[in-house]
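The values are calculated or read from the model by the stated rules, or taken from the named source; none is laboratory data. Model, not experiment: these values are computed from the prediction. Cβ sites come from the backbone with ideal geometry, for glycine too, and all protein chains shown count toward neighbours. Just the protein is used for accessible areas: all its heavy atoms, side chains included, with ligands, DNA and RNA removed. Shrake-Rupley method; radii C 1.70, N 1.55, O 1.52, S 1.80 Å.
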Amino acid sequence: MDFGLVLQTDPPASQVVSLMKRGERNGFRYGWTFDSAVLWQEPFVIYSQILANTQRMHVGPMVTNPGTRTWEVTASTFATLNDMYGNRTVCGIGRGDSAMRVAGRAPNTLARLGEAIDVIRDLAEGREAEVDGNPIRIPWIKDGKLPVWMAAYGPKALALAGQKADGFILQLADPYLTEWMIKAVRDAASAAGRDPSAITICVAAPAYVGEDLAHARDQCRWFGGMVGNHVADLVSRYGEHSSMVPEELTEYVKSRQGYDYSHHGRTGNPSADFVPDEIVDRFCLLGPAEAHIEKLRTLRALGVDQFAVYAMHDAREAVIDAYGSEIIPALND
């Protein structure tokens, strides 16, 4: 099982680089960041420094979107990093939540997202693709490689991930929902004539190692609010009791009262007050190392290839070190 470290690109960028170096020393093979140009610093600039200061770590956004940058710029940026550091990037992509809404735009449509996945991958790997009706190719790319992993929750998005993406990113760690969503992605891949086992499955969620569960929950409750933002979109689209979306995912957002992006992804987010302890426990990994190991083994048995740790709390270094000393070795024994 691979492990990733997910950070926000808050200044100073040097701290982000330092934490990623710490992650690599502790066995994390992937370094991910949020990508929202108004809320945080520009991640692609920081990726260059992460790659320069690590030897094996692969980096990428969790997640970018097709709307904040033109597709040829996104592809060329990834390809430049790959040319400099040896094909060590991965493109996590989705419709765009905070990045689009904070700038006053609606998230991208799934149709646009599906087209972008193909175009960005083709261009970054040196093939011709059509952008705004014009066939283009980036001529200097040689032996480029860019896996594109798509984030999804709803049935249509899960189907698109199975049809198009090289990997599937699920931002929650509940075993029941993980099993349901992996099946939806793999069924769609099979229906599209693809090998479902070739799609990398990445589960991403906060992890907090320690005995004080009440404190751990308070540090990670923001995540339920963030996920609830996506779930609220599903409820508006499919209804509260749709057979297309599990009730285990939609039930808890009934008391949600809007969302303030100025606290997005941060401990103490007041927009996450509606998230009950049960959801925090189900969506995150909390407690002593043994509890993390047990849940991760369950996720691995469901087909999860990578667990990416959201480290947005008051114990980032301690959790990175605990994973390196106790948890990652146990999952790779």
What is the one condition in (1) touching a His at 6+ places or on another chain (Cβ under 6 Å); (2) farther than 15 Å from His230 by Cβ that Asp132 does not satisfy? (1)
Please count how many residues of the range 30-53 are under 14 Å from Phe3 (Cβ atoms) and open to solvent by less than 10 Å² (accessible area, probe 1.4 Å). 2
Report whether or not Val17 is over 22 Å from Val73 (Cα atoms), in a helix (DSSP H, G or I) and among the β-branched types (Val, Ile, Thr). yes
Leu5: passes all of (1) part of a loop (DSSP other than H, G, I, E, B); (2) touching a strand residue (DSSP E or B) at 6+ places or on another chain (Cβ under 8 Å) but (1)
Leading residue by the ranking (surrounded by the most Cβ atoms within 10 Å (Cβ to Cβ)) among those in the range 111-129 that are touching a strand residue (DSSP E or B) at 6+ places or on another chain (Cβ under 6 Å) and not β-branched (Val, Ile, Thr): Leu123
Test for Trp222: is it aromatic (Phe, Trp, Tyr) and more than 20 Å from Leu286 (Cα to Cα): no
Mind checking which pairs have a first residue in the range 255-267 that is within 20 Å of Val38 (Cβ to Cβ) and at pLDDT below 75 and a second that is assigned to a loop (DSSP other than H, G, I, E, B) and open to solvent by 40 Å² or more (accessible area, probe 1.4 Å), Cβ under 6 Å, 6 or more apart or different chains? Tyr261/Val102
Against the definition (open to solvent by 10 Å² or more (accessible area, probe 1.4 Å), in contact (Cβ under 8 Å) with a residue 60 or more places away in the chain, touching a Gly at 6+ places or on another chain (Cβ under 7 Å) and of a type outside the set (Ser, Thr, Tyr)), how does Val102 come out, yes or no? no
Of residues in the range 141-164 being assigned to a helix (DSSP H, G or I) and basic (Lys, Arg), the one most open to solvent (accessible area, probe 1.4 Å): Lys156
Qualifying positions in the range 200-231 - of a type in the set (A, V, I, L, M) and within 15 Å of the chain's Cα centre (by Cα): Ile201, Val203, Ala204, Ala205, Ala207, Met226, Val227
Please work out which residue is nearest to Met57 (Cα to Cα), limiting yourself to the range 86-108 and to residues that are at pLDDT 95 or above and part of a loop (DSSP other than H, G, I, E, B). Arg88
Among all residue pairs at least 6 apart or on different chains, which show Cβ distances below 9 Å where the first residue, located in the range 122-133, is of a type in the set (A, V, I, L, M, F, W, C) and the second is open to solvent by 30 Å² or more (accessible area, probe 1.4 Å) and assigned to a loop (DSSP other than H, G, I, E, B)? Leu123/Arg137; Ala124/Lys145; Ala129/Arg137; Val131/Thr70
Checking the structure you have, find out if any residue of the range 233-243 is surrounded by 20 or more Cβ atoms within 10 Å (Cβ to Cβ), more than 17 Å from Gly92 (Cα to Cα) and in contact with a His (Cβ under 7 Å, 6 or more places away or on another chain). no
Residue pairs, Cβ under 6 Å, 6 or more apart or interchain, first in the range 288-299 and touching a residue at least 24 places away in the same chain (Cβ under 8 Å) and at negative phi, second open to solvent by 60 Å² or more (accessible area, probe 1.4 Å) and part of a helix (DSSP H, G or I). List them. Ala289/Glu326
Could you tell me whether Thr74 is among the hydroxyl-bearing types (Ser, Thr, Tyr) and more than 29 Å from Ala311 (Cα to Cα)? no
Please go through the range 180-222 and pick out each residue that is of a type in the set (Phe, Trp, Tyr) and within 24 Å of Gly23 (Cβ to Cβ). Tyr208, Trp222
For the range 165-180: of the residues being over 17 Å from Met62 (Cα atoms) and among the acidic types (Asp, Glu), which is surrounded by the most Cβ atoms within 10 Å (Cβ to Cβ)? Asp174
Only one residue in Gly67, Gly27 is open to solvent by 20 Å² or more (accessible area, probe 1.4 Å), closer than 22 Å to Leu5 by Cβ and touching a residue at least 40 places away in the same chain (Cβ under 8 Å), so which one is that? Gly27
